[in-house]
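Structure, as structure tokens:
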Amino acid sequence: MTFTRRSFLTGAALTGGALFQELKIPELVDARRQGQSIAMTAQVGRTAFFPERDSPTLGYNGSYLGPTLRVYRGDDVEIAVTNALGEATTVHWHGLLIPGELDGGPHQTIRPRKTWRPVLPIRQPAATLWYHSHVHGRTAEQVYAGLAGLLIVTDRDEATLGLPAEYGVDDLPLILQDRQFEDGMLVLPQGMMATMHGRRGDTLMVNGTVNPVARVPRRLVRLRLVNGSNARAFDLAFADHRSFHWIASEGGLLERPVALRSLSLAPGERAEVLVDFHDGQPAVLETGPDGNAPMMMRMMGGGNRLRGERQAIIRFEPQGTGTRSAQLPDKLVTHERQSMSNAVRRRRIAMTMGMRGMRGGAGMGTFGINGRPFDMERIDAEIRRGDTEVWQVSAEMMAHPLHIHGVHFEVLSRNGSPPGIRDQGLRDTIMVENSVELLVRFSHTAATAPYMYHCHILEHEDNGMMGQFIVR
Ligand code: C2O
Ligand code: CU
Ligand code: CU
């Protein structure tokens with residue numbers, strides 16, 4: 001068995017001999033307890049991902065990531081975001097259905113030393129959302145450095161279900177990210193690989209914790225999983241193959257819990273699951289190998305980490321005495337079904353990364369939607385509020401996670417076949433391997449500032465795999 005210097009240093013040596021570090025839980029900021037007014041500052045800091053190795057990072061109200069914001073359906077919440085960085089930023093509320101000018105996309109730039117104060121009308125069902133930088137051309141670098149956090153919407157329907165809801169105890173936020181370290185210091189992968197492939201790293205973190213262990217009560221525990229990686233998709237399962245229940249997709253609760261043994265999560269996607277720790281046995285959540293890369297990169301040998309074994313993400317250690325096994329509700333919420341016959345048009349969205357620059361030697365990939373790179377000054381679609389459309393989405397060269405701002409959609413088909421078990425529920429982000437057909441309902445307005453739709457591999461987005469549309 002051989003150890004490379006890096007794999008040795010990122011292992012036990014750097015965690016001070018103790019293999020595990022206690023899972024960090026982001027501070028909970030509850031809008032009602034703050035009088036519906038929350039202050040956040042995007043700031044620079046230093047973070048010790050490994051003992052005695054301080055890396056320069058970015059965070060909101062802290063050095064890496066940000067607080068978990070909890071907001072309530074029906075409320076209007078002011079969030080004052082101050083930019084204390086040396087560069088422009090934005091804060092996008094990913095998954096929140098709010099008007100375009102409040103969305104925090106590339107058009108809502110916050111200059112250094114300025115404060116942006118959107119008042120967000122919360123009018124959607126309970127869900128696990130997140131927020132992150134979306135500044136034009138620099139989203140990938142700012143998110144990689146730490147500008148992201150969790151946003152929880154809650155409502156009465158959810159509260160009556162009796163789901164685990166004690167934040168940080170039996171209701172755990174888990175922001176999953178991969179990052180690259182050299183000698184314990186966070187490094188930013190650069191170059192063609194980083195652009196084509198999206199920035200990946202050999203080290204997995206949860207809430208900024210490397211090798212995390214979470215102590216959990218011996219009962220049903222709710223995990224709010226967010227893939228906050230720039231580019232890496234996860235293929236999650238427990239090492240002991242235990243089953244768990246999937247209860248919520250990106251848009252909120254499913255109609256009923258779905259028993260699963262594994263669950264994939266692309267960048268930008270979220271899932272809420274319930275895991276029963278009643279038996280008191282420790283459990284390790286793992287991911288399969290990172291396999292999403294353009295064919296060309298695989299041939300160039302850039303894919304060492306594309307093969308390989310399963311990697312541990314987080315270890316759970318049940319504590320205390322087992323109470324009665326908690327009740328899993330058999331019904332969650334009812335969804336009003338959209339009908340395809342309401343669709344007023346069909347749109348083709350191809351996430352393209354052609355190689356047109358190659359012959360002239362001008363560039364590598366031409367990232368775009370339908371072959372056209374993003375242009376801040378160009379509106380790609382104008383849509384009537386209240387309309388339903390079928391989006392026929394395809395992915396070129398590799399799988400790309402499509403995210404659409406300001407909407408919820410349903411999956412109508414995947415690769416020409418009926419949707420799979422994981423395709424149910426309301427979504428705002430979806431992994432597209434070949435093609436999917438989506439039923440998209442445009443219920444919110446983006447008249448003075450457009451909504452974005454893009455690949456959530458952030459390097460692809462920054463390089464042009466994005467479009468924008470108006471809804472009025
Ligand atoms: Cu999570 Cu347009 O982004
Ligand atoms: Cu979004
Ligand atoms: Cu992409």
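See the values below:
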item: Two-site label geometry, ARG242 and ASN434: point separation in nm, points 7 Å out along Cα→Cβ; result: 3.7 nm
item: Cα gyration tensor shape of the chain, rounded if a/c is under 1.5, else prolate or oblate by comparing a/b with b/c; result: rounded
item: Value of [θ]222 nm, deg cm²/dmol, for the chain, DSSP H segments ≥ 4, -39500 (n - 2.57) each, nearest 500; result: -1500 deg cm²/dmol
item: Cα-centred dipole magnitude for the chain, charges only on beta-carbon of K, R (+1) and D, E (-1), debye, nearest 20; result: 400 debye
item: Dipole axis of the chain (+1 Lys, Arg; -1 Asp, Glu on Cβ), positive-most option in VAL333, MET376, ALA271; result: MET376
item: Fraction of beta bridges assigned by DSSP in region 17-154 that are antiparallel (%, nearest 5); result: 60 percent
item: Amide H contacts of ILE313 (H built 1.01 Å from N, under 5 Å, at least 5 apart or other chain); result: LEU285, GLU286, THR287
item: Region 17-154: C-alpha gyration tensor shape, a/c 1.5 cut-off, then a/b vs b/c; result: oblate
item: Counting DSSP beta bridges with both ends in the chain, the antiparallel % (nearest 5); result: 70 percent
item: Extension gain, ASP202 back to ARG310 (0.36 nm per residue minus Cα-Cα distance, nm); result: 37.7 nm
item: Table column - 3J(HN,Hα) (Hz), region 65-79, Karplus curve with 6.51, -1.76, 1.60, x for Gly and Pro; result: 6, x, x, 7, 9, 10, 10, 10, 4, x, 8, 10, 10, 8, 10
item: Part-to-part distance (alpha-carbon centres) for region 246-265 and region 64-100, which is given in Å; result: 25 Å
item: Contour minus Cα-Cα distance for ASP375 and SER339 (0.36 nm per residue); result: 9.7 nm
item: Whole-number percent relative contact order across the chain, with pairs defined as alpha carbons under 8 Å at least 6 apart; result: 14 percent
item: Extension gain (nm, one decimal) between ARG346 and ARG384, 0.36 nm per residue minus Cα-Cα; result: 12.3 nm
item: Between region 409-472 and region 203-227, the alpha-carbon center distance in angstrom; result: 28 Å
item: From phi via Karplus (6.51, -1.76, 1.60), per-residue ³J(HN,Hα) for region 458-472 in Hz, x at Gly/Pro; result: 5, 5, 5, 4, 4, 8, x, 7, 7, x, 9, 9, 9, 10, 8
item: Apportionment of accessible area to carbon and sulfur, region 177-283, percent (1.4 Å); result: 48 percent
item: Rounded to whole Hz, the Karplus (6.51, -1.76, 1.60) HN-Hα couplings of region 232-242, x for glycine and proline; result: 7, 8, 10, 10, 8, 6, 7, 4, 8, 6, 5
item: Carbon plus sulfur fraction of accessible area for region 340-471, probe 1.4 Å, in percent; result: 48 percent
item: Antiparallel bridges, percent of DSSP beta bridges restricted to region 340-471 (to nearest 5); result: 75 percent
item: For the chain, accessible area per residue (1.4 Å probe, heavy atoms of protein chains only), Å²; result: 40 Å²
item: Mean Cβ count within 10 Å, highest first, over the residues of peptides 23-30, 114-121; result: 23-30, 114-121
item: Relative contact order of region 314-472, defined on C-alpha pairs under 8 angstrom at six or more residues apart (%); result: 27 percent
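The values are calculated or read from the model by the stated rules, or taken from the named source; none is laboratory data. Note that this is a predicted model, so its numbers are computed, not measured. Note that each Cβ is placed from the backbone with ideal geometry, even for glycine, and that neighbours are counted across all protein chains shown. SASA here: full protein model, heavy atoms, side chains in, ligands and nucleic acids out. Shrake-Rupley method; radii C 1.70, N 1.55, O 1.52, S 1.80 Å.
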